[in-house]
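FYI, it's all coordinate maths here, none of it is from the lab. What you see is a predicted model, and the numbers here were worked out from it, not measured in a lab. Please note: Cβ atoms are built from the backbone with ideal geometry, for glycine as well, and neighbour counts cover all protein chains shown.
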Amino acid sequence: MELINVFDLTITNWIWIIVCALFIGMAKTGLSGLGMFIVPVLASIFGARASTGILLPMLIMADIFAVFYYHRHADFKVLLKLVPATIIGVFVAIWVGDVINDEQFSYLLAAIILIGLVLMVWNETKKSKEAIPHNWWFGSLAGSLGGFTTMIGNAAGPVMSIYFLALNFKKNNFIGTAAWFFLLVNVFKVPFHITIWKTINLDTFSFNLMMLPIIITGALIGVKIVKLIPEKPYRIFIIASAGLAALKLFY
């Protein structure tokens with residue numbers, strides 16, 4: 001009851017939060033398109049900035065499960081290439097978060113995702129697919145944008161989906177590499193949320209622990225569903241989800 005009073009949540013709020021926790025688990029084990037639903041819902045309940053601190057520990061919980069299940073499929077060479085640019089992106093976001101408002105950020109993020117989708121589709125239609133994805137600048141751009149968008153609003157899913165798909169990752173490689181990437185970067189973000197933005201504290205973390213069983217349930221459901229989806233439809237699902245996530249940010 002104390003937590004309910006602290007957050008002043010209604011029954012309707014709790015229902016939506018439980019749905020979000022379920023979707024977090026499902027999104028982290030392969031159904032990443034569900035992630036576009038979570039961020040705006042939690043922002044409407046807790047506020048844009050506060051919701052990032054509520055969401056982050058729940059994402060880490062799901063990341064741990066995803067890494068445990070898919071770790072053997074990760075491409076660590078790709079992850080190492082992303083590290084420097086991602087760290088830079090996170091630090092830039094810490095500064096920008098105090099400069100631009102939520103609406104400006106939404107438009108910026110949507111434009112970035114749409115541009116990335118255009119580049120990916122263009123690259124898909126080329127006879128040679130080496131030009132964009134394997135270029136050093138493309139990886140650096142993806143890493144920096146991933147770090148920036150995940151720090152600002154835990155919204156790097158579409159950005160990194162575009163990059164990993166552009167590398168022609170198979171379904172399990174996609175999920176395993178994404179799982180490690182987001183676990184590492186999300187853990188890296190925690191101290192900044194605690195000390196600078198002050199969006200994580202004992203109350204919020206206790207709230208996160210309450211959601212853990214639901215997150216795990218969602219993760220198990222996600223694993224089962226992903227096994228049933230063939231490679232090509234899965235790729236189309238991820239591309240469509242990224243596009244819808246971008247369009248939704250304009251409204």
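Each label point was placed 7 Å from the Cα along the Cα-to-Cβ direction; for Phe205 and Val99 their separation is 3.2 nm.
Please sort 206-218, 180-192, 155-167 by packing, taking for each peptide the average over its residues of neighbouring beta carbons within 10 angstrom, highest first.
Result, highest mean first: 155-167, 180-192, 206-218.
Residue separation times 0.36 nm, minus the C-alpha to C-alpha distance between Ile15 and Lys170: what's the value?
Computed gain between Ile15 and Lys170 is 52.3 nm.
Working ranking of peptides 49-56, 226-233, 24-31, 79-86 by packing, defined as the average number of other Cβ atoms within 10 Å per residue, highest first, is 24-31, 49-56, 79-86, 226-233.
Net length available on complete extension from Thr217 to Ile229 is 2.4 nm, with 0.36 nm assigned per residue and the Cα-Cα distance removed.
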